[in-house]
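Comments concern the structure below.
The values are calculated or read from the model by the stated rules, or taken from the named source; none is laboratory data. For clarity, every value in this text was computed on a predicted model and none was experimentally measured. Because the Cβ atoms are built from the backbone with ideal geometry, glycine has one as well, and the counts that use them run over all protein chains shown. Heads up: the accessible areas ignore ligands, DNA and RNA and are worked out on the full protein's heavy atoms, side chains in. Shrake-Rupley method; radii C 1.70, N 1.55, O 1.52, S 1.80 Å.
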Amino acid sequence: MSTISRRAQKDLDGLPDPLRQKAFNIINRLDSEPGLGKKLLGPLAGIRSARLGRSHRILYQVQDSGLAFVLTVSQRRDAYR
């Protein structure tokens with residue numbers, strides 16, 4: 001099962017219910033499909049980004065064990081800062 005950081009858990013708690021359900025569905029898929037999101041470049045190299053609707057992104061890292069570690073769930077405008 002994917003590991004969720006404290007920051008990501010706090011982000012998830014602040015989402016509206018339909019978006020939160022969609023986020024949990026995507027997070028559950030990350031274990032079986034670790035390449036679901038796109039690879040980020042530059043200072044964020046090693047992190048992947050999965051789309052959560054039009055305005056939100058789930059940032060995560062794939063660990064050596066193949067499991068995902070969710071870093072944050074935030075609005076697209078703030079996700080890459």
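A few notes on this one:
- Solvent-accessible surface of region 8-81, taken per residue with a 1.4 Å probe and all protein chains present: 62 Å².
- Value of relative contact order over the chain, rounded to a whole percent, pairs C-alpha under 8 Å and six or more apart: 33 percent
- Heavy-atom surface analysis with a 1.4 Å probe gives region 8-81 a carbon and sulfur content of 50 percent of its accessible area.
- Farthest toward the positive end of the dipole of the chain, out of 50, 79, 21, is the Cα of 79, where the dipole comes from beta carbon charges about the Cα centre.
- Convex hull volume per residue for the chain, taking Cα atoms only, in Å³: 87 Å³
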